[in-house]
Structures are given as C-alpha cells and as structure tokens.
1. Taking the 0 to 90 degree range and rounding to the nearest ten, how far is the long axis of helix 257-274 tilted relative to the main principal axis of the chain, both from C-alpha atoms?
2. Take peptides 84-97, 17-30, 295-308 and line them up by average Cβ neighbours within 10 Å, highest first, as a rough protection proxy.
3. Build a GNM of the chain with springs between Cα atoms under 10 Å: which of Asp253, Asp358, Asp165 gets the top mean-square fluctuation?
4. Taking +1 at the Cβ of each Lys and Arg and -1 at the Cβ of each Asp and Glu, which of Thr365, Pro324, Gly204 sits farthest along the dipole of the chain towards its positive end, judged by Cα position relative to the Cα centre?
5. Each residue of the range 12-19 in order: what ³J(HN,Hα) in whole Hz does its phi give by Karplus 6.51 cos²θ - 1.76 cosθ + 1.60, θ = phi - 60°, with x for Gly and Pro?
6. First measure r as the distance between the Cβ atoms of Glu125 and Tyr233, then evaluate 1/(1 + (r/R0)^6) with R0 = 35 Å and state the FRET efficiency to the nearest 0.05.
7. Test of understanding: in a Gaussian network model of the chain with alpha carbons linked when under 10 Å, which of Ser48, Ser201, Ser284 would top the mean-square fluctuation ranking?
8. Suppose the chain between Thr299 and Asp90 were pulled fully straight at 0.36 nm per residue; how much longer would it get relative to their current alpha carbon spacing?
Amino acid sequence: MLPKWFNEWNRDNPTNIYTPGILVGVVGGAVLVAALLVAWGQPFATNSLQTGPRGTGMSVPEFKADLATPDPAIEGVMENPPYIPEGGEDLAGDIYQNVQVLGDLTDDNFNRLMLAMTEWVAPDEGCAYCHGDVDISEYGNDDLYTKVVSRRMIQMTQNINENWDGHVNANKEVGVTCYTCHRGQNVPSEIWFRLGPVTSSTAGWSANQNRVTVQSQFTSLPSDALESYLLDYQRIGVHNLESRVSEDVTDPDVPTWQNTERTFSLMNYFSNSLGVNCVFCHNSRAFYDPAQVTPQWSTASLGIAMVQELNNDYLVPLKDEYPPERLGPVFADAPKAACKTCHKGYQQPLQGTNVIADWPELATTGAPEYQPATQ
C-alpha cells in the first residue's frame with residue numbers, strides 16, 4: 001500500500017503519460033525499421049538500367065514488380081502469319097478497284113491485312129469505318145475521309161519501318177504497325193494540336209507558359225515546345241553557359257533564356273513519354289557535352305528527326321481531308337504525333353514487342369519479303 005499522501009498528490013496532479021509513450025514508441029519503431037533496412041537491405045527488389053559510368057548516378061532504377069507488369073495493350077498485338085505466295089496468284093490491284101497502295105499483295109494477304117487494320121483502328125465500326133455502309137462492290141470509292149487518311153497512314157507506317165530502322169529497331173527488330181499508336185481506337189491517344197498563347201492576361205513570352213496543358217505535361221513550362229521543335233524544326237538548345245557574353249538575342253542562331261525554358265519543356269515531355277529520367281540520355285556530370293552522352297541520346301535524336309518528318313510530310317498535309325470536328329480547337333490544324341503517341345510511358349512502345357514480324361507488307365514500300373514461319 002502506498003502512503004495516503006502519495007495517492008492524494010497523484011489524484012490532485014494528474015500526468016499525461018500516454019502522449020510521451022506514443023511518441024517514444026513511434027520514434028523507436030522508426031529507428032528499428034531503419035536499422036532493419038541497413039542490416040537486411042531494401043525489401044522491395046529493384047533493377048537498374050545503367051546508362052553511364054558507375055558512381056555518377058547515371059542509372060534508371062525501377063521496382064522489379066513494376067518491370068514484371070506488362071503493358072496491358074500488349075494483349076491486343078495480333079499474331080497472324082502471312083500466306084507465303086507460291087507464284088501466279090491474283091493480286092489485289094487486279095481484283096479490286098482503286099487500290100493505290102498494297103496492290104501488289106496477293107488477295108489472301110491483302111484481306112488478311114485489311115481485317116487486321118480493322119481490329120487495330122476500328123474494332124467496333126468494322127470495315128464501314130473507312131468504306132461506309134455500302135455494298136462491297138463500292139469499296140473502291142474514296143467518299144470517306146477515313147479511307148483517304150488510312151491510305152496515307154499505311155504509307156507512313158511503311159516509311160517508318162523502312163527508313164527509320166536506326167530509331168525503331170535500335171536494339172532488336174520491333175517495327176511499328178497501326179496498332180502501335182491506335183491501340184484499338186479510331187484516333188490515337190497523345191496526339192497534339194497547336195495552342196498559341198495560353199494566357200489572356202499577359203503578352204509576349206509570358207503568354208506561352210504558366211498554364212497547365214497537355215503539351216507542357218501539366219506544368220508551368222512553355223506550351224509551344226512540341227510545335228517549335230517537332231514541327232517547325234527550331235534548334236533545341238539552352239542559353240550560353242558563359243557569363244557576360246556579347247550576343248545579339250535577335251539573332252535566330254543565338255539561344256535565349258526563352259529557348260532554354262522551351263527546351264526544358266521538351267525534355268520534360270520526353271521523360272514522361274518514355275517513363276525515364278534525364279540520365280537516360282544525358283551524362284549527369286556533363287549535361288551539355290555531346291561527347292559524353294549515352295547511346296540512347298543518338299536513338300532519341302533520330303526519333304526527333306523522324307517525328308519532324310512524319311508531322312510535316314504525312315500528318316499536316318492531311319488537314320483538308322479532315323472534317324472540322326477532327327481539327328485543332330484553336331487553329332483548326334491537323335492532328336500531329338510526338339514521342340508519347342507511340343511510347344505511351346514506356347522506354348519502347350509495347351515494351352519492345354515485335355509487332356512487325358507477321359506484317360511484312362507494312363515493313364517496306366516495295367514488294368514484301370515473306371519468310372516461312374519458324375518453329
């Protein structure tokens with residue numbers, strides 16, 4: 001038994017013993033977890049893609065659990081081996097009317113590709129998406145803009161596979177098909193349009209930024225980077241790194257701070273498009289030294305040139321073919337492509353799945369080379 005005076009003193013002077021106890025428990029638990037991480041290591045396994053010299057932070061770490069999760073769109077990649085021509089078969093250009101592209105395919109391979117394109121681009125609408133709800137004898141008509149655009153997109157796909165091998169197949173044969181961008185949708189995701197000034201209360205350079213847009217990847221960075229660099233062929237660069245340099249900022253060959261901000265916007269777009277960070281292409285200790293970049297930098301540079309060609313030679317010229325609702329909301333311009341249109345957040349579209357293997361018709365503008373299926 002405790003003395004009476006002690007019990008009375010405790011009753012008259014209550015003490016909060018729970019808050020300090022909880023605080024000590026939380027701090028002690030954190031110390032214990034930290035000690036376990038140091039002793040046993042990080043429990044969630046990671047894998048790093050080394051992009052430069054060790055010790056320089058030039059690696060792209062990812063959780064193995066994330067790496068093991070496939071792009072759900074891969075399930076839509078069709079495996080459909082071609083019919084190996086035996087010689088003497090009737091060709092699509094001789095059978096059907098107005099076959100301006102793919103006319104040198106056999107009837108079987110022509111229809112095999114047409115059915116695949118339907119699944120890639122218009123699985124719900126079917127053949128009517130391009131040909132209309134007409135009798136098959138009228139499929140040669142060019143009444144719908146979708147057919148005219150599709151014809152040009154076939155030529156674009158062949159051009160990518162034939163002339164941009166250094167970018168598309170940098171590591172292995174991958175190729176592209178309509179599905180690479182469309183993924184079962186009439187209009188691919190991640191297309192873009194010109195925006196112009198994005199703020200109405202400011203003028204000049206400030207009107208190009210400080211508004212979250214798709215083009216700026218929802219940041220306050222400039223929203224005209226895709227237009228400037230992937231359409232207008234402007235020089236990608238930053239301001240002079242030396243101080244007090246005498247330069248004429250009106251000279252188009254002199255990069256200003258505005259060019260630098262626009263370049264940062266483009267680089268941020270690249271990172272989001274491929275799901276990587278800056279050191280995927282750049283050396284963190286020498287960002288501006290072209291002699292110390294990673295091999296991926298060259299692949300990305302080819303990609304920039306490829307997208308510039310696709311936009312200017314294939315996509316923009318189709319403007320007059322589209323109905324008004326398919327054009328841009330500000331300048332009524334044609335939809336355009338950029339890195340994310342194909343990559344959609346992955347280092348390689350569809351995580352490097354070989355999509356062209358069964359479709360030699362889309363691999364070249366010339367006669368396709370058919371190979372017997374390997375066991």
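1. 80 degrees
2. Peptide ranking by packing, descending: 295-308, 84-97, 17-30.
3. Asp253
4. Of the options given, the answer is Gly204.
5. 7, 10, x, 10, 7, 9, 7, 4
6. The formula returns an efficiency of 0.45 here.
7. Ser201
8. On the way: separation 209, 0.36 × 209 = 75.24 nm, distance 4.09 nm.
Gain on extension, Thr299 to Asp90, equals 71.1 nm.
Bear in mind that the values in this text are calculations on the coordinates, not laboratory data. Fair warning: this is a prediction, and the values are worked out from it, not measured in the lab. Note that each Cβ is placed from the backbone with ideal geometry, even for glycine, and that neighbours are counted across all protein chains shown.
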